[in-house]
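S.K.: Below are the structure tokens for one structure; questions will follow.
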Amino acid sequence: MARRAKGRPVNGIFLLDKPGGMSSNRALQIVKRIYGAAKAGHTGALDPLATGMLPLCFGEATKFSQFLLDADKRYITTAKLGQRTDTSDADGEVVEERPLPENLTAELIDELLQREFTGLITQVPSMFSALKHNGQPLYKLARQGIQVEVKSRQVTVFSIELLAFRGDEVDLDIRCSKGTYIRSIVQDMGEMLGCGAHVKVLRRLDSGPYKAESMMTLADLEQLVDDMGSDATPERIQTRLDALLLPPWSPVADAPEVLLTEQQTSAVCKGQRVVLDPFEAQPLVRIRDAASDKFLGIGEIDADGQLLTRRLMNTQDI
């Protein structure tokens, strides 16, 4: 007999403003407990030091989490100049201190940033990243004193803006592609300046279609439940919490939509072939049943007009 999942079926995406000093998984487990959800996952871990945008996927929304993992990001970071740490951030031990270059100016820093750190760049991820080697996160190996070769990778920095330069600190606004390590940018910048640097503050503002103004903190979420008072029923609490969730398909909300007839919907749900007429080939479409207005999943339309499903919802749970 299959083991029944603990918790209730919750489907949607919660945009958490992760607090500093907490792992992404710990933050996920707290929100999952508040919701009483049976299934949940996050979309790209933030370091304990980092704060900000951490989309949490519940239930059927986990089927679309890859689109958030692959999405572009935006960060605000403060770089501490003159100090290099073993983790390339403020959580590590200082391993080297060097004086700042004489006559260092904001103009010189900005010129370096625009020349070396915009567009397609090559970087080596930190040994304290969540990148895996033979199934083990690099940061776990690093904490055991195990060093492995980390291959360089190419990422895209769409823009990097110097917000402020205060003596030995630099504030940056960075918009980048998936897989970009801000610690590597800061560390490499410090080496090019000749003084070393590490990340003092890191905050993720945007992830794919989600913007910072839509986030909610753990404190605000817990306060919302507390404010409902002792007379609130579990059903009322669940309704209030669920109203905060974005639809499971919101990561692909910009994709074209295909409306299916009742017959086509039945065929798709049975795994049968559906040919659209008229059609336009599309690499990604949202699939919806026209009669019930129910979102069915995502797919693509090939050159022959055939609808090829990629991820289908369990419509019994939504």
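S.K.: Does residue 107 fit the bill of being outside any strand (DSSP E or B), modelled with pLDDT of 80 or more and of a type in the set (D, E, K, R)?
M.R.: On the way: outside any strand (DSSP E or B): yes; modelled with pLDDT of 80 or more: yes; of a type in the set (D, E, K, R): yes.
It is true that residue 107 is outside any strand (DSSP E or B), modelled with pLDDT of 80 or more and of a type in the set (D, E, K, R).
S.K.: Test of understanding: among 186, 157, 199, which residue is touching a strand residue (DSSP E or B) at 6+ places or on another chain (Cβ under 6 Å), surrounded by 22 or more Cβ atoms within 10 Å (Cβ to Cβ), β-branched (Val, Ile, Thr) and outside any helix (DSSP H, G or I)?
M.R.: Working: 186 fails: outside any helix (DSSP H, G or I); 157 fails: surrounded by 22 or more Cβ atoms within 10 Å (Cβ to Cβ).
Sole residue among the options that is touching a strand residue (DSSP E or B) at 6+ places or on another chain (Cβ under 6 Å), surrounded by 22 or more Cβ atoms within 10 Å (Cβ to Cβ), β-branched (Val, Ile, Thr) and outside any helix (DSSP H, G or I): 199.
S.K.: Evaluate the following for residue 68: is it assigned to a helix (DSSP H, G or I) and under 20 Å from the mean Cα position of the chain (by Cα)? Spell out the reasoning first.
M.R.: Working: assigned to a helix (DSSP H, G or I): yes; under 20 Å from the mean Cα position of the chain (by Cα): yes.
So residue 68 fits the description; yes.
S.K.: Suppose the filter is under 17 Å from residue 202 (Cβ atoms), hydroxyl-bearing (Ser, Thr, Tyr) and modelled with pLDDT under 95; does residue 85 pass it? Don't jump to the end; show me each part of the working.
M.R.: Working: under 17 Å from residue 202 (Cβ atoms): yes; hydroxyl-bearing (Ser, Thr, Tyr): yes; modelled with pLDDT under 95: yes.
The answer is yes for residue 85.
S.K.: State which residue pairs qualify: first residue assigned to a loop (DSSP other than H, G, I, E, B) and inside the stretch 283-295, second residue crowded, with 18+ Cβ neighbours inside 10 Å in any location, beta carbons under 9 Å apart, and separation of 6 or more residues or different chains.
M.R.: Note: pairs meeting the criteria are 290/260; 290/264; 290/265; 291/260; 291/265; 292/265.
S.K.: Could you list all residues from the stretch 59-73 that are in contact with a helix residue (DSSP H, G or I) (Cβ under 7 Å, 6 or more places away or on another chain) and of a type in the set (A, V, I, L, M)?
M.R.: Kept after step one, since they are in contact with a helix residue (DSSP H, G or I) (Cβ under 7 Å, 6 or more places away or on another chain), are these residues of the stretch 59-73: 59-60, 64, 67-68.
Hit for the stretch 59-73 is 68, nothing else.
S.K.: Let me ask something else. Please specify each residue of the stretch 218-243 satisfying the condition of being within 20 Å of residue 11 (Cβ to Cβ) and either surrounded by 10 or more Cβ atoms within 10 Å (Cβ to Cβ) or modelled with pLDDT of 90 or more (or both).
M.R.: Initially, the stretch 218-243 is screened for residues within 20 Å of residue 11 (Cβ to Cβ), giving 221, 224-225, 234-243.
Result: 221, 224, 225, 236, 237, 238, 239, 240, 241, 242, 243.
S.K.: Which condition number does residue 1 fail, the rest of (1) out of contact with any Leu (no Cβ under 8 Å at 6 or more places or on another chain); (2) farther than 20 Å from residue 181 by Cα; (3) at pLDDT 90 or above; (4) not assigned by TED's automatic domain parsing to the domain that holds residue 183 being met?
M.R.: Only one criterion in (1) out of contact with any Leu (no Cβ under 8 Å at 6 or more places or on another chain); (2) farther than 20 Å from residue 181 by Cα; (3) at pLDDT 90 or above; (4) not assigned by TED's automatic domain parsing to the domain that holds residue 183 is unmet by residue 1, namely (3).
S.K.: Looking at 90, 106, which is the one that is surrounded by fewer than 16 Cβ atoms within 10 Å (Cβ to Cβ), at negative phi and among the small types (Gly, Ala, Ser)? Talk me through it step by step, then tell me what you get.
M.R.: Working: 90 fails: surrounded by fewer than 16 Cβ atoms within 10 Å (Cβ to Cβ).
One residue alone meets the criteria, 106.
S.K.: Let me ask another. Using the structure shown, decide if residue 254 is in a loop (DSSP other than H, G, I, E, B) and within 29 Å of the chain's Cα centre (by Cα).
M.R.: Numbers: in a loop (DSSP other than H, G, I, E, B): yes; within 29 Å of the chain's Cα centre (by Cα): yes.
Here the answer is yes, as residue 254 does meet what is asked.
S.K.: Quick one: residue 279 ticks every box in (1) in a strand (DSSP E or B); (2) aromatic (Phe, Trp, Tyr); (3) more than 30 Å from residue 17 (Cα to Cα) bar one, so which box is it?
M.R.: Of the numbered conditions (1) in a strand (DSSP E or B); (2) aromatic (Phe, Trp, Tyr); (3) more than 30 Å from residue 17 (Cα to Cα), the odd one out for residue 279 is (1).
S.K.: Collect the residues in the stretch 27-46 that are touching a Ser or Thr at 6+ places or on another chain (Cβ under 8 Å) and in a loop (DSSP other than H, G, I, E, B), keeping them in residue-number order.
M.R.: Applying the first criterion (touching a Ser or Thr at 6+ places or on another chain (Cβ under 8 Å)) to the stretch 27-46 yields 39-46.
Within the stretch 27-46, 39, 43, 44, 45, 46 qualify.
S.K.: Now for a separate question. Quick one: is residue 257 within 23 Å of residue 66 (Cβ to Cβ), surrounded by 15 or more Cβ atoms within 10 Å (Cβ to Cβ) and either at pLDDT 90 or above or aliphatic (A, V, I, L, M) (or both)?
M.R.: Details: within 23 Å of residue 66 (Cβ to Cβ): yes; surrounded by 15 or more Cβ atoms within 10 Å (Cβ to Cβ): no; either at pLDDT 90 or above or aliphatic (A, V, I, L, M) (or both): yes.
Spelling it out, it is not the case that residue 257 is within 23 Å of residue 66 (Cβ to Cβ), surrounded by 15 or more Cβ atoms within 10 Å (Cβ to Cβ) and either at pLDDT 90 or above or aliphatic (A, V, I, L, M) (or both).
S.K.: What number of residues within the stretch 160-183 satisfy the criterion of being assigned to a strand (DSSP E or B) and in contact with a helix residue (DSSP H, G or I) (Cβ under 7 Å, 6 or more places away or on another chain)?
M.R.: The first filter runs over the stretch 160-183 and keeps only residues assigned to a strand (DSSP E or B), leaving 160-166, 169-176.
Narrowing further to those that are in contact with a helix residue (DSSP H, G or I) (Cβ under 7 Å, 6 or more places away or on another chain): 160, 162, 165, 170, 174.
So the count comes out to 5.
S.K.: Determine the pairs where a residue that is in contact (Cβ under 8 Å) with a residue 60 or more places away in the chain and charged (D, E, K, R), located within the stretch 97-111, has a partner that is surrounded by 10 or more Cβ atoms within 10 Å (Cβ to Cβ) and in a loop (DSSP other than H, G, I, E, B) with Cβ atoms under 7 Å apart, the partner being 6 or more residues away or on another chain.
M.R.: Pairs that qualify, where the first residue is in contact (Cβ under 8 Å) with a residue 60 or more places away in the chain and charged (D, E, K, R) and the partner is surrounded by 10 or more Cβ atoms within 10 Å (Cβ to Cβ) and in a loop (DSSP other than H, G, I, E, B), are 97/82; 98/82; 98/195; 98/196.
S.K.: Going by the conditions given, is residue 191 within 30 Å of residue 167 (Cβ to Cβ) and without any contact (Cβ under 8 Å) to a residue 60 or more places away in the chain?
M.R.: On the way: within 30 Å of residue 167 (Cβ to Cβ): yes; without any contact (Cβ under 8 Å) to a residue 60 or more places away in the chain: yes.
Against the criterion (within 30 Å of residue 167 (Cβ to Cβ) and without any contact (Cβ under 8 Å) to a residue 60 or more places away in the chain), residue 191 qualifies.
The values are calculated or read from the model by the stated rules, or taken from the named source; none is laboratory data. Everything numeric in this text was worked out from a predicted model, so none of it was measured. All Cβ positions, even for glycine, are placed from backbone atoms using ideal geometry, and neighbour counts span all protein chains on display.
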